[in-house]
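The values are calculated or read from the model by the stated rules, or taken from the named source; none is laboratory data. Remember, predicted model here, so these are calculated numbers, not experimental data. Using ideal geometry, Cβ is built from the backbone for each residue, glycine included, and neighbour counts are taken over all protein chains shown. Surface areas here come from the heavy atoms of the whole protein model, side chains and all, with no ligands, DNA or RNA. Shrake-Rupley method; radii C 1.70, N 1.55, O 1.52, S 1.80 Å.
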Amino acid sequence: MTDQTAEQAPETLEGWYALHQIYRIDRERNTPAGTAESDVFRRTDNTAYGWSEAVSLIGSTSDVMFMHFRPTLDAIGDVQRELASQPWMRRLVPTYSFLSVTEAGLYHMTAKIADEAVARGGEVGDKEYHAAIRTRAESERTNPYVMKRLYPVRPEAMPYVSFYPMSKRRAVGQNWYSLPIGERSRLMHEHGLSGRRYAGRVQQVITGAIGFDAWEWGVTLFAGDPLDFKKIVSDMRFDVASAEYAEFGPVYVGKVGALAEVLG
Ligand code: 76R
């Protein structure tokens, strides 16, 4: 590892765009007769379309969270407009929203290609480096583990949701972005090992928000037992990637439900 590999962004793959919309219900406002519904929440087996779900928030000053995953930013715009045109939306007062895109950070692969560049006497960022990144990143797209991160589905048995934005720290002497890629790769590996202990109990969706929001990532966790949110997040607080480098925003916890119920 040499300084040449410092400040190297990890290659990332992106999948669905994501929008988290959070509302307070204004119960003083009149609701139109009839059941709230929208095609936005239509169940579909077509993975090309994405999905949306309504979440009833518990223990928050807001009441409702909508989560939308769609293949393009324009499709997210369509969802937003379609919902805004619904009469039943008049009772919903927006309190927070978060725009991002599903992301798989290829730390290990990037670090390896950077090391290979140095070993062959070339440079990080040279032509061969970029060619290797492109080829190997594309082949990662067919990896089922990566696909699951880019096109996530919520397991039926995990109706509880915890959502929060986070960023990596940029402080003097404690700057994630100036760590060498090899070090970031090692720390993310350690993070992944903690996470994998919760396989089958917690499903994580990591969405990248750099350039889309003031925060850098959205963390959406699904679980069958809400206590697992506390357990996994506590465990991760002790991983160096979180202990030293993570900053967290507001946390929203709730349960997925039918739209009419969630708005009830
Ligand atoms: O090498 C590896 O195996 C790591 C794979 C991996 C990456 C790249 C991974 C695994 N995550 C990655 C990226 Mn994660 N994750 C979080 C949180 O509260 C906290 O302290 C952190 C919130 C949780 C609970 C969680 C869960 N992860 C990221 C990123 C992008 C950071 C970057 O690029 O710098 C963030 C912000 C983040 C945060 N992570 C896992 C989990 C779980 C459960 C796993 C293992 C499960 C799996 O293999 O899919």
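Take ALA114 and tell me if it is outside any loop (DSSP other than H, G, I, E, B), open to solvent by less than 10 Å² (accessible area, probe 1.4 Å) and farther than 26 Å from PRO165 by Cβ.
Against the criterion (outside any loop (DSSP other than H, G, I, E, B), open to solvent by less than 10 Å² (accessible area, probe 1.4 Å) and farther than 26 Å from PRO165 by Cβ), ALA114 qualifies.
Farther than 18 Å from ALA9 by Cβ, among the β-branched types (Val, Ile, Thr) and either open to solvent by less than 70 Å² (accessible area, probe 1.4 Å) or within 16 Å of the ligand (Cβ to nearest atom) (or both), is that true of THR95?
In short, yes.
Would a scan of segment 247-263 turn up a residue that is among the charged types (D, E, K, R) and more than 23 Å from TRP51 (Cβ to Cβ)?
yes
Any idea how many residues of segment 201-230 are open to solvent by 70 Å² or more (accessible area, probe 1.4 Å) and more than 10 Å from the ligand (Cβ to nearest atom)?
Summing the residues that are open to solvent by 70 Å² or more (accessible area, probe 1.4 Å) and more than 10 Å from the ligand (Cβ to nearest atom) in segment 201-230 gives 6.
May I ask you to list the residues in segment 149-173 that are open to solvent by less than 50 Å² (accessible area, probe 1.4 Å), in contact with a Gly (Cβ under 9 Å, 6 or more places away or on another chain) and away from the ligand (no atom under 14 Å from the Cβ)?
Result: PRO159, single match.
Of all residues in segment 1-38, which are open to solvent by less than 20 Å² (accessible area, probe 1.4 Å) and either modelled with pLDDT of 95 or more or aromatic (Phe, Trp, Tyr) (or both)?
LEU13, GLY15, TRP16, ALA18, LEU19, HIS20, GLN21, ILE22, TYR23, ILE25
So which residues in segment 72-93 are touching a residue at least 24 places away in the same chain (Cβ under 8 Å) and aliphatic (A, V, I, L, M), if there are any at all?
LEU73, ALA75, ILE76, VAL79, LEU83, LEU92, VAL93
So, in segment 41-60, of the ones that are at pLDDT 95 or above, outside any strand (DSSP E or B) and out of contact with any Lys or Arg (no Cβ under 7 Å at 6 or more places or on another chain), which residue ends up surrounded by the fewest Cβ atoms within 10 Å (Cβ to Cβ)?
Checked segment 41-60; the qualifying residue surrounded by the fewest Cβ atoms within 10 Å (Cβ to Cβ) is GLY59.
Let me confirm something: among ARG201, ARG196, which residue is under 27 Å from TYR177 (Cβ atoms), more than 15 Å from the chain's Cα centre (by Cα) and at pLDDT 95 or above?
After ruling out the rest, the residue left standing is ARG196.
So the check is Cβ under 7 Å with 6+ separation or different chains; which pairs have a first residue in segment 94-111 that's more than 15 Å from TRP215 (Cβ to Cβ) and part of a helix (DSSP H, G or I) and a second one that's open to solvent by less than 30 Å² (accessible area, probe 1.4 Å) and among the basic types (Lys, Arg)?
TYR107/ARG184
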